[in-house]
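Here is the structure we will look at, set down as structure tokens.
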Amino acid sequence: MEAANDILTGLMKAFHFLSRPKPAPKLKYTYENSYTALHARRRLTREESAAVDSLTDQLRVLNPKSDGERIKEILSEIGKLPVKFVPLKRETRIDNSKRYPYASAKRGG
């Protein structure tokens, strides 16, 4: 009878261990949208690469507030080429370090 009781207790403890809520993992990084990059869908020929380079150089000098129509035209031209827009994110490390446990705040530690 005692062995059956031990088995039942063991099973209850195991079930309790498996059914408890899992703690959320600590995040090490935060991510925020940064900018959009151009990636080739396939290997570009020299002409295609030169066209992409010239269009991106034209985009760099334009002002988004005053040259909106020209920017739309250039983006539509880029859309005809075998490239894709890839959104990139900026990664920032979260500092979870703690103070030394024996340091005294009174002594500047």
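Rounded to the nearest 500, what is the chain's calculated 222 nm mean residue ellipticity when only DSSP H runs of at least 4 contribute -39500 (n - 2.57) each, over all residues?
Numbers: 3 runs with 46 residues, N = 109.
Taken over the chain, the calculation gives -14000 deg cm²/dmol.
Is the shape of the stretch 1-44 best called rounded, prolate or oblate, per the rule: a/c under 1.5 gives rounded, else a/b larger than b/c gives prolate, else oblate, with a ≥ b ≥ c the square roots of the Cα gyration tensor eigenvalues? Write down the numbers at each step before the final one.
Numbers: a/c = 9.67, a/b = 3.45, b/c = 2.80.
In terms of gyration-tensor shape, prolate.
According to the square roots a ≥ b ≥ c of the eigenvalues of the Cα gyration tensor, what is the shape class of the stretch 29-90, taking rounded for a/c under 1.5, prolate for a/b larger than b/c otherwise, and oblate for the remainder?
Numbers: a/c = 2.34, a/b = 1.13, b/c = 2.07.
Because a/c hits 1.5 or more and a/b fails to exceed b/c, the stretch 29-90 counts as oblate.
Using the heavy atoms of the protein chains and a 1.4 angstrom probe, tell me the accessible area per residue for the chain in square angstrom.
Working: 10050 Å² over 109 residues.
Heavy-atom accessible area per residue stands at 92 Å².
Mind checking which lysines have their C-alpha under 17 Å from LYS89, skipping anything on the same chain fewer than 8 residues away?
LYS28
Could you work out the pair-distance distribution P(r) of the chain from its alpha-carbon pairs, with 5 angstrom bin width and percents rounded to whole numbers?
2, 8, 10, 10, 9, 7, 7, 6, 7, 6, 7, 7, 6, 3, 3, 2, 1, 0
With a 1.4 Å probe and all protein chains left in place, how much of the accessible area of the chain comes from carbon and sulfur atoms, in whole percent? Walk me through the numbers on the way to the answer.
Numbers: 5680 of 10050 Å².
Here it works out to 56 percent.
The values are calculated or read from the model by the stated rules, or taken from the named source; none is laboratory data. As the structure is a prediction and not an experimental result, all values here were calculated from the model. To get the accessible areas, we keep the full protein, side chains included, count just its heavy atoms, and leave off ligands, DNA and RNA. Shrake-Rupley method; radii C 1.70, N 1.55, O 1.52, S 1.80 Å.
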